[in-house]
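Since the structure comes first, as structure tokens, the remarks are kept for the end.
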Amino acid sequence: MPRSTYYYQPQPESAENLRLMRQLDQLYMKLPFFGSRKMAVELEINRKRARWLMRILGIETHYPEPKLSRPAPGHEIYPYLRSGVAIERGFALISGSSKR
């Protein structure tokens, strides 16, 4: 093991980083769906710095997970009633009812 590893003293976070982390945390509580790009725009900092600070704080963006639109087991699938209706004029499907 190198001697420098043994004697290394980590530096505390700067006051600027602590201020940004506090602002980032407050913004995240208000808007948890913001990613690093929008956080960077709101805080007027570099996106890489926003991502780095988010990683330090353990903040992750809330977003829809895959396969959320799958129906629940046992869910009845209703037929589409207007599948055989011909559209002959504008707003034909919106204004009238479906006649089969």
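The values are calculated or read from the model by the stated rules, or taken from the named source; none is laboratory data. The structure presented is a predicted model; accordingly, all values stated were derived computationally and were not measured. Every residue, glycine as well, gets a Cβ built from its backbone with ideal geometry; the counts of neighbours run over all protein chains shown.
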The number of residues in region 32-91 that are at pLDDT 85 or above and basic (K, R) is 7
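In region 59-85, which residue that is among the hydrophobic types (A, V, I, L, M, F, W, C) and loosely packed, with under 10 Cβ neighbours inside 10 Å is nearest to the chain's Cα centre (by Cα)?
Step one: filter region 59-85 for residues among the hydrophobic types (A, V, I, L, M, F, W, C), giving 59, 68, 72, 77, 81, 85.
Now restrict to residues that are loosely packed, with under 10 Cβ neighbours inside 10 Å: 68, 72, 77.
Working: L68: 14, A72: 24, I77: 30 Å.
The residue in question is L68.
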Go through region 1-36 and give me each residue that's touching a residue at least 12 places away in the same chain (Cβ under 8 Å) and surrounded by 12 or more Cβ atoms within 10 Å (Cβ to Cβ). N17, L20, M21, Q23, L24, D25, L27, Y28, P32, F34, G35, S36
Does at least one position in region 8-25 carry a residue that is hydroxyl-bearing (S, T, Y) and either at pLDDT below 95 or more than 15 Å from the chain's Cα centre (by Cα) (or both)? yes
